[in-house]
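Data first, discussion second: the structure below is written as structure tokens.
The values are calculated or read from the model by the stated rules, or taken from the named source; none is laboratory data. This structure is a prediction, so every number in the text was calculated from the model and none was measured. Please note: Cβ atoms are built from the backbone with ideal geometry, for glycine as well, and neighbour counts cover all protein chains shown. The protein model used for the area step is the full one, side chains on, heavy atoms only, and it has no ligands, DNA or RNA in it. Shrake-Rupley method; radii C 1.70, N 1.55, O 1.52, S 1.80 Å.
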Amino acid sequence: MSVHPVSAVSDLEEIYDLLVVGAGPAGLSAATAAAECGLSVLLCDDNGSPGGQIYRGITEASAATKSRLGKDYAAGEGIVTRFLASSASYAARASVWSIAPHEPETGEASGLEAGVSLAGAARLIRARRAILATGALERPFPIPGWTLPGVMTAGSAQIAMKTAGLVPSGRTVIAGTGPLLYLLASQLIGAGASVIAVIDTTPNGNKRRALAHAIDFVRSAYGLKGARLLAQVHRHVRVIRNVTALEAAGNGGLSEVVVTHRGGTERLPTDLLLLHQGIVPNLNLSLASGCASGWNERQATFTPTVDEWCQTSMPDIGIAGDAGGIIGAEGSALHGTLAGLAAAWRLGRLSERERDERAAPVRAILRSALRGRPFIDELFRPSDDFRIPANPETIVCRCEEVTAGAIRATMPLGVRGPNQMKAYLRCGMGPCQGRLCGLTVTEIIAQERGVAPGEVGYYNVRTPIKPVTLKELAALPQSDSAIKAVAGIVEKPVSANHPQSHV
Amino acid sequence: MFRRLPDRQGDLVTFTFDGTPLTALMGDTVAAALLAAGVTRFRTTPVSGAERGPYCMMGVCFECLVSINGRGNRQACLTTVEEGMQVETQHGAATYSTEISA
Ligand SMILES: Cc1cc2nc3c(=O)[nH]c(=O)nc-3n(C[C@H](O)[C@H](O)[C@H](O)COP(=O)(O)OP(=O)(O)OC[C@H]3O[C@@H](n4cnc5c(N)ncnc54)[C@H](O)[C@@H]3O)c2cc1C
Ligand code: FES
């Protein structure tokens, strides 16, 4: 058996048992497990090849690339190979921009309907269930000057290296915190990038809180790996710690990084600044499809509410991997398998006993894979200074160029949450749909109001979660559900028999 | 700002940026091809006219918007470069709508 490649929307079936969104370790494992149980599975991913973030480009990677990126990267081959040998359908370069309960014009609602764009055309397809394995994004890092050309995320440099063999060539500074910071730094240094400094913004106070989980961490795989990476980076590059302020400066483009640490303020002439302060779940699809979420204080983000079988508050939707809360690559793959088994059980392909038997060994490995997580979450929790900008000039919403000061200034107008704020500012209404400002806005408002971020809430996210072009739309049948999927609402025509009520 | 690792090889593709001919490797995204050619400014913002370049390289931030073969609002980091492609700086272009875009 091998996967069935789908390269045009016309090749899609009318209905699948299971739609999986995202071809990272979680989505690949979920699709494989479900297909191996006999479900008809469609996996959609917006990249050209499977792998997700960690294993990006793995199917095309040369031996040199694999050795540069290390053992953990090469480990992705096994997961991809098993998926490629399954009976699933795989649509590369396919974006899923909506998922909603399927509500036919006549008859009973059942299962889901999803909007998919592929090769310049859009289509609505049906699925009895869906698993969202949409992964994570790098957390917003709102510092003065972060919008200048020459300031990018550290993950973006890794993507350029994985997919195009590009490495930074000028004076490069890497700044931030998080378990991936030193991995990214060591990969770039290993590839010959001219990294002149690593600015570590990890707050000192975190160590004390993290200590409570230290034993688990030392016993976990992360412990040794982390120590090795740290030593590697230290050998080659100056590491600046105890950082209280960070700024990118330049006129129309980055020219220097201004860093304040215990020894004073330094100006480092820099060509490329790579920012990274951890990753947060990619929430837009789960929020737009109605899945409940809550504030996770330790990870300082909203995370969808899922049970031990990856089930969300929406009856036919599961979430696996980092999309449900950051658990890392190994954890995501195992979580994906559980989600796939759960889908097969819910659709009657596995009995409860079969499900539990197959899940037991997976859960055991997952438990040990997650052992070091609480320590990592505590140790690398980014400081308030870099999450909740105090400087009123700092841009929060990059798309609409809305500053922290402008957001704070809406507070006396009675604003209690991000959606009310939109009545005054265009914050969050640009093309990125709040992905680069949502958490910052929530936390600024929470700080101003003196309440928990969970009480403030997040933007209402609507479909389509990715821009759908007019050309793509033209290919869609103009049914009620199509209109609802792209516009979020259906305006029923007013007819004589059903006058519009005024409630 | 970026250079290509010597062990990265492949077929060449020719495209233009604001009329200047450039080469890329087959399979590059437009964003990677531009960065490899030393281009760091992809667009100016509709609000203040500030210059911007790619930030995330994974389709999230929309800072890499360029015009490709006459169509604006294209995400350079998600579009594969093709032979003869005409890529241009996107100036402002506040016509972008998150719901429906041309
Ligand atoms: C930039 C970046 C680099 C990282 N690098 C590493 C690393 O080197 N090592 C490491 O251990 N961890 C890394 N991580 C952490 C990483 O998120 C996890 O370890 C792991 O990849 C999570 O697996 P996942 O399957 O949950 O999601 P991912 O691997 O993120 O996969 C999600 C996939 O879903 C796709 N997708 C999302 N939304 C849609 C949609 N609406 N339609 C279609 N497709 C969609 C994405 O393009 C992506 O391919 C990185 C994270 C980021 C953000
Ligand atoms: S660089 Fe972020 S969307 Fe293209």
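What to note about this one:
- Among the cysteines of chain A, A:Cys37, A:Cys44, A:Cys291, A:Cys310, A:Cys399, A:Cys432 have no other cysteine beta carbon within less than 4.7 Å of their own.
- Subtracting the Cα-Cα distance of A:Glu60 and A:Met411 from their residue separation scaled by 0.36 nm leaves 121.3 nm.
- Restricting region A:152-241 to trypsin sites (Lys or Arg not before Pro) in coil, as DSSP defines it, with at most 15 other Cβ within 10 Å: A:Arg241
- In a simple Cβ point-charge model (Lys, Arg +1; Asp, Glu -1; nothing else charged), region A:241-370 has a dipole of about 220 debye relative to its Cα centre.
- Two-site label geometry, A:Tyr424 and A:Arg367: point separation in nm, points 7 Å out along Cα→Cβ: 5.1 nm
- In chain A, excluding the sites themselves, the longest stretch lacking any of the GluC sites (Glu not before Pro) that are in a DSSP loop with at most 12 other Cβ atoms within 10 Å is A:109-296.
- Gain in span if fully extended, A:Ala214 to A:Leu268, counting 0.36 nm per residue against the direct Cα distance: 16.0 nm
- When chains B and A come together, the accessible area they lose, probed at 1.4 Å and totalled over both chains, is close to 4100 Å².
- The residue among A:Gly70, A:Asn460, A:Ala210 whose Cα reaches farthest toward the positive pole of the charge dipole of the protein assembly as shown, with charges on the beta-carbon of Lys, Arg, Asp and Glu, is A:Ala210.
- Unsatisfied cross-links (Cα-Cα over 31 Å) in the set A:Lys422/A:Lys466; A:Lys162/A:Lys466; A:Lys71/A:Lys207; A:Lys162/A:Lys484: A:Lys162/A:Lys484
- FRET efficiency, A:Ala245 to A:Ser67 (Cβ-Cβ, R0 30 Å, nearest 0.05): 0.20
- When the Cα positions of A:Val259, A:His236, A:Val280 are compared along the charge dipole of region A:236-297, A:His236 comes out farthest toward the positive end, with charges on each C-beta of Lys, Arg, Asp and Glu.
- Rounded if a/c under 1.5, otherwise prolate or oblate - the protein assembly as shown, Cα gyration tensor axes: rounded
- Each label point was placed 7 Å from the Cα along the Cα-to-Cβ direction; for A:Glu352 and B:Asp7 their separation is 5.3 nm.
- Helix A:25-36 axis, angle to chain A major axis (alpha carbon atoms, nearest 10°): 30 degrees
- Projecting the Cα atoms of A:Gly51, A:Val151, B:Gly49 onto the dipole axis of the protein assembly as shown, where Lys and Arg carry +1 and Asp and Glu carry -1 at the beta carbon, places A:Val151 farthest toward the positive end.
- Dipole magnitude of region A:46-184 about its Cα centre (Cβ charges: Lys, Arg +1; Asp, Glu -1), debye to nearest 20: 500 debye
- Degrees between helix A:154-164 axis and first principal axis of chain A (Cα, 0 to 90, nearest 10): 70 degrees
- For the pair A:Trp309 and A:Arg449 in one chain, pulling the backbone fully straight at 0.36 nm per residue adds 46.8 nm over the alpha carbon distance.
- Only Lys, Arg (+1) and Asp, Glu (-1) charged, at Cβ; the protein assembly as shown dipole about Cα centre in debye: 1540 debye
- With θ taken as phi - 60° and the Karplus curve 6.51 cos²θ - 1.76 cosθ + 1.60 applied, the whole-hertz 3J(HN,Hα) list for region A:110-122 is 7, x, 10, 10, 10, x, 10, 10, 7, 6, x, 9, 10 Hz, x standing for glycine and proline.
- From helices alone, the protein assembly as shown scores -8000 deg cm²/dmol at 222 nm; the rule is -39500 (n - 2.57) for each run of n ≥ 4 DSSP H residues, then divide by the residue total.
- Counting only DSSP beta bridges with both residues in the protein assembly as shown, the antiparallel share comes to about 55 percent.
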